[in-house]
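Q: Dropping the structure in here first, questions after.
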Amino acid sequence: MARRPSTRTAPSGSAYEAAVRYLAGRSHSVAELRRHLRDGAIDKLRAQRYVDDAAFARYWIEQRDQFRPRGDRALVSELLRKGVARETIEVALGDRPADAEVQRARRAIARPITRWQTLEPAERKRRVHAFLAARGFDYEVIEEVIAHPEP
């Protein structure tokens with residue numbers, strides 16, 4: 001019985017070329033690339049500034065701020081899972097204004113709060129609190145948003 005040739009072909013080119021193709025979709029942390037590469041291509045990518053954890057952390061935070069607001073706790077957790085060093089994350093988060101987290105929390109509840117307007121105040125407060133806590137916002141931020149939902 002003859003075997004049919006595989007329709008899948010082996011990846012062509014070096015690990016460096018594979019990394020460049022991998023980076024074409026979105027930015028990745030060095031740890032993410034290490035999971036995909038096995039040789040010195042990462043050092044070459046760093047030297048050519050294709051890979052930079054500080055830039056990746058800033059990009060990740062900016063994307064979250066714009067499309068799916070999260071609290072600082074959640075952002076730290078996500079970036080740590082992606083292999084970014086805690087010091088790098090703290091620098092990226094430190095570049096933001098003091099009230100940025102409160103503003104993100106307000107944006108996060110902008111859509112669901114309209115569904116909760118008909119609820120009793122205590123139930124609405126409970127839902128806002130649970131919603132924001134699940135997204136990594138601190139207790140003080142949640143209480144500020146509940147006390148003053150509008151800026």
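The numbers here are math on the coordinates, done by the rules we state, and not lab data. The structure presented is a predicted model; accordingly, all values stated were derived computationally and were not measured. Virtual Cβ from ideal backbone geometry, glycine too; neighbours counted across all protein chains shown.
Q: Given just the C-alpha atoms of the chain, how large is their convex hull per residue in cubic angstrom?
A: 176
Q: Here is a follow-up. How much of the pair distance distribution for the stretch 100-147 lies past 16 Å, counting alpha-carbon pairs only, in percent?
A: It works out to 26 percent of all Cα pairs.
Q: If you don't mind, there's one more thing I want to ask. DSSP loop (so not H, G, I, E, B), at most 14 other Cβ within 10 Å: list which trypsin sites (Lys or Arg not before Pro) in the stretch 32-90 pass both filters.
A: Those satisfying the criteria are Arg38, Arg49.
Q: Placing unit charges on C-beta atoms (Lys and Arg positive, Asp and Glu negative, everything else neutral), compute the dipole magnitude of the stretch 100-147 about its Cα centre in debye, rounded to 20.
A: Dipole size: approximately 340 debye.
Q: Here's another thing I want to ask about it. Along the Cα→Cβ direction, 7 angstrom out, place labels at Phe67 and Arg126. What is the inter-label distance in nm?
A: Placing both labels 7 Å along Cα→Cβ, they lie 3.4 nm apart.
Q: Can you tell me the relative contact order of the stretch 100-147? Whole percent, Cα pairs under 8 Å, sequence separation 6 or more.
A: After rounding, I find 50 percent.
Q: Let me ask you something else. Assigning unit charges at the beta carbon (Lys, Arg +1; Asp, Glu -1) and nothing else, what dipole magnitude in debye, to the nearest 20, does the chain show about its Cα centre?
A: Dipole size: approximately 1100 debye.
Q: Right, something else. Calculate the FRET efficiency for Ala24 and Glu90 from the Cβ-Cβ distance with a Förster distance of 41 Å, rounded to the nearest 0.05.
A: The formula returns an efficiency of 0.90 here.
Q: Now, a different point. Would you kindly compute the Cα radius of gyration of the stretch 66-151 and its largest Cα-Cα separation (Dmax), both in Å?
A: 13.9, 44
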